[in-house]
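**Q** Below is a structure I'd like to ask you about.
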Amino acid sequence: MITADDSGIKNGRSAELLISAGLVPGFDQPPAIVPTIEDDSLSSILRAELTISAEVLATLPCSFVFEHNVMPFAQAHGRLRVAVADPLALDIIDALNYVAGCSVQVELASLADIRAAIAIYYGAASDLRTSHGGLHLSIEPQAQPVIAAVETDKISEQEAPIIRLVHDIIAEAIRRRASDIHLEPLAQRFRVRYRIDGVLQEVAAPPKQFELALLSRVKIMANLSIAEKRLPQDGRLRFVTAGRSLDLRVSSLPTAHGESMVLRVLDPASLPLGLPELGFEPDDESAFAQLLQSPDGIVLVTGPTGSGKTTSLYAALHHLNQSDRKIITVEDPVEYQLSGINQVPVNPEIGMTFAAALRALLRQAPNIVMIGEIRDRETAEIALNAALTGHLVFSTLHTNDAPSAVTRLLDIGAKPFLVAAALRAVVAQRLVRRICRDCRRAYKPSPREIYALELTPLQAATAEFTCGVGCATCAGTGYFGRLGIFEICHVDDALRALIYDKAPALRLRQQARQSGLRSMREDGVRKVLAGQTTIEEILAVTSSDPL
């Protein structure tokens with residue numbers, strides 16, 4: 001027995017993608033004429049299942065059955081049993097999963113027996129009526145099961161099937177609020193995954209035989225070289241769907257089994273441009289808003305890749321964007337275009353580095369400067385000097401917590417007296433998933449969870465813990481959207497003296513805690529107690545504070 005079970009098929013969308021793209025035959029093609037033979041020649045598998053229901057027969061298009069010589073004969077617990085003649089025809093077995101829209105269990109039968117069963121149950125007539133052995137059934141052609149249709153701009157029927165398939169994959173990702181589309185060639189199959197609310201979810205993918213054509217189509221759309229398969233490439237494409245125009249940033253990377261490709265969906269509608277939308281608690285929002293009113297100095301936002309640093313900086317710039325202020329940003333690349341703000345893209349190939357752009361923009365007399373990331377000593381020193389000469393500077397660093405940003409600046413070569421004099425505050429952040437509002441339910445956490453969050457008995461007794469149980473709105477995940485958890489480290493005189501003395505990160509954190517620093521774990525606990533997220537999410541992205 002051969003089982004072809006794809007755990008990523010959960011949404012029934014695959015059949016629509018393949019059939020609408022023309023990669024799998026639909027019902028409109030007439031079935032081939034096959035000889036009718038007697039029931040005695042049927043294999044034991046098919047003979048035992050002679051009373052095949054109309055529902056089972058309708059799971060596969062008749063043209064697909066006739067073309068590939070496969071025969072559905074039973075279905076139970078969401079799994080379709082199909083007889084095939086060639087167990088090594090992996091492309092057909094792959095296609096079966098997608099056309100049926102469910103997991104498929106493949107069993108071996110002779111080609112003659114399969115054709116006999118097809119003749120008996122499907123017949124040679126186009127109306128699919130058959131009568132055999134007292135069994136009378138009429139099967140009408142019907143569309144394959146799909147979840148909500150995606151409203152996209154019309155693709156002409158004359159367009160190549162691969163063009164329509166790529167269009168549908170991207171449109172479906174946008175409909176499901178995906179931030180990234182991952183197209184990944186594996187050894188035996190081709191995998192498609194969407195990153196939704198920060199978590200990768202595998203979805204239906206075409207058979208591996210369409211891999212090269214699909215990736216080449218994306219390359220053409222992003223203006224990349226389809227001949228170059230040995231080096232990484234980066235590009236950008238514009239995609240229009242449902243009257244909306246979105247940019248997608250495309251990155252290709254050669255791997256052992258082909259080119260892995262990631263499409264980053266840049267949807268301006270998904271960008272929260274207000275401070276309340278970031279997830280600040282009222283006291284933290286007030287403290288952050290007060291930082292934005294500083295006349296000069298540098299404010300850093302830290303965290304790993306994908307923690308929402310750029311989103312927080314965009315929200316800060318949107319809050320400060322007024323006609324009496326000149327704001328210039330230096331970014332690599334410019335992901336979202338902000339109205340009223342001068343955004344400069346970095347291009348190292350022609351010498352337009354962060355440092356070069358910073359030197360030039362300071363001659364533009366800006367009030368506020370945003371640097372996408374401080375990566376080297378030269379950029380750090382120019383940014384710190386700009387902060388000391390009357391500019392308010394925002395930037396990002398990759399560190400695990402707020403006090404570590406100081407040691408990171410010193411490690412890349414910034415002078416301690418510059419850091420101590422210019423740095424106003426460091427904001428460290430992570431993103432956690434919000435509990436879905438439509439399926440929110442109260443629940444009682446386990447003692448292990450209570451202990452992990454270091455909750456007091458009073459907090460555990462008085463809090464109402466909630467979680468999402470899964471619904472159509474959140475696609476069964478229990479979460480919908482994300483919010484930030486933060487720790488804000490203000491640089492006071494005591495911390496400034498330690499920076500000047502090159503104190504280690506642990507000593508800086510001890511002083512910050514004495515000055516009132518609230519850790520990200522503690523901010524996360526507040527959001528758990530407020531019913532905004534779950535204990536599981538907080539434990540996944542934060543660590544306990546050793547101090």
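**Q** Could you give me the residue pairs with C-beta distances under 7 Å whose first residue belongs to the stretch 532-543 and is open to solvent by less than 10 Å² (accessible area, probe 1.4 Å), whose second residue is in a loop (DSSP other than H, G, I, E, B) wherever it lies, and which are 6+ apart or on separate chains?
**A** Here the result reads I535/P445; I535/L453; I538/L453, each pair linking the stretch 532-543 to a residue that is in a loop (DSSP other than H, G, I, E, B).
**Q** A further question on this structure: Of all residues being free of Cβ contacts under 8 Å to residues at least 60 places away in the same chain and part of a helix (DSSP H, G or I) in the stretch 512-531, which is farthest from D284 (Cα to Cα)? Just the residue, please.
**A** Among them, the one singled out is Q514.
**Q** Which condition number in (1) under 19 Å from Y314 (Cα atoms); (2) modelled with pLDDT of 90 or more is the one that G390 fails?
**A** (1)
**Q** Still on this structure, please answer the following. Quick check on Q188: is it touching a residue at least 12 places away in the same chain (Cβ under 8 Å), open to solvent by 20 Å² or more (accessible area, probe 1.4 Å) and part of a loop (DSSP other than H, G, I, E, B)?
**A** yes
**Q** Any idea which of L275, L266, L292, L271 is touching a helix residue (DSSP H, G or I) at 6+ places or on another chain (Cβ under 6 Å), at pLDDT below 90 and over 15 Å from T396 (Cβ atoms)?
**A** L275
**Q** Related question: What's the total number of residues in the stretch 510-520 that are open to solvent by less than 30 Å² (accessible area, probe 1.4 Å) and not hydroxyl-bearing (S, T, Y)?
**A** Result for the stretch 510-520: 4.
Residue-by-condition table, conditions (1) modelled with pLDDT of 80 or more; (2) over 25 Å from Q209 (Cα atoms); (3) in contact with a Lys or Arg (Cβ under 6 Å, 6 or more places away or on another chain); (4) open to solvent by 10 Å² or more (accessible area, probe 1.4 Å):
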position: G78; (1), (2), (3), (4): yes, yes, no, yes
position: V82; (1), (2), (3), (4): yes, no, no, no
position: P87; (1), (2), (3), (4): no, no, no, yes
position: S103; (1), (2), (3), (4): yes, no, yes, yes
position: A117; (1), (2), (3), (4): no, yes, no, no
position: Y122; (1), (2), (3), (4): no, yes, no, no
position: A125; (1), (2), (3), (4): no, yes, no, yes
position: R129; (1), (2), (3), (4): no, yes, no, yes
position: G133; (1), (2), (3), (4): no, yes, no, yes
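**Q** Which members of the stretch 54-63 meet the condition of being touching a residue at least 40 places away in the same chain (Cβ under 8 Å) and either closer than 13 Å to I114 by Cα or surrounded by fewer than 23 Cβ atoms within 10 Å (Cβ to Cβ) (or both)?
**A** Correct list: A54, L57, A58, T59.
**Q** Moving to a separate point now. What is the residue count in the stretch 97-115 for residues that are under 26 Å from the mean Cα position of the chain (by Cα) and assigned to a strand (DSSP E or B)?
**A** Number of matching residues: 1.
**Q** Same structure, new question: Tell me, which strands (runs of 3 or more DSSP E) lie completely within the stretch 202-281 with 1 or more residues that are surrounded by 13 or more Cβ atoms within 10 Å (Cβ to Cβ) and without any contact (Cβ under 8 Å) to a residue 40 or more places away in the chain?
**A** 233-241, 244-255
**Q** Here's a follow-up. Identify all residues within the stretch 379-418 that are aromatic (F, W, Y) and within 32 Å of the chain's Cα centre (by Cα); write none if there are none.
**A** F394
**Q** Report yes if some residue within the stretch 362-371 is closer than 18 Å to G413 by Cα and either in a helix (DSSP H, G or I) or without any contact (Cβ under 8 Å) to a residue 60 or more places away in the chain (or both); otherwise report no.
**A** There is at least one residue in the stretch 362-371 that is closer than 18 Å to G413 by Cα and either in a helix (DSSP H, G or I) or without any contact (Cβ under 8 Å) to a residue 60 or more places away in the chain (or both).
**Q** Turning to a different aspect of this structure: Under 6 Å between Cβ atoms, at least 6 apart or on separate chains: pull out the pairs that start in the stretch 376-400 with a residue that is at positive phi and end on any residue that is surrounded by fewer than 17 Cβ atoms within 10 Å (Cβ to Cβ).
**A** G390/D296
**Q** Name the single residue that is most open to solvent (accessible area, probe 1.4 Å) among those in the stretch 521-531 being charged (D, E, K, R) and under 15 Å from A428 (Cβ atoms).
**A** E522
**Q** Continuing with the same structure: With respect to L384, determine if the residue is out of contact with any strand residue (DSSP E or B) (no Cβ under 6 Å at 6 or more places or on another chain) and surrounded by 19 or more Cβ atoms within 10 Å (Cβ to Cβ).
**A** Considered against the rule, which asks whether it is out of contact with any strand residue (DSSP E or B) (no Cβ under 6 Å at 6 or more places or on another chain) and surrounded by 19 or more Cβ atoms within 10 Å (Cβ to Cβ), L384 comes out as yes.
The values are calculated or read from the model by the stated rules, or taken from the named source; none is laboratory data. Since the model is a prediction, treat every value here as computed from it, not as a measurement. Using ideal geometry, Cβ is built from the backbone for each residue, glycine included, and neighbour counts are taken over all protein chains shown. Keep in mind that these areas ignore ligands, DNA and RNA; they rest on the heavy atoms of the full protein, side chains included. Shrake-Rupley method; radii C 1.70, N 1.55, O 1.52, S 1.80 Å.
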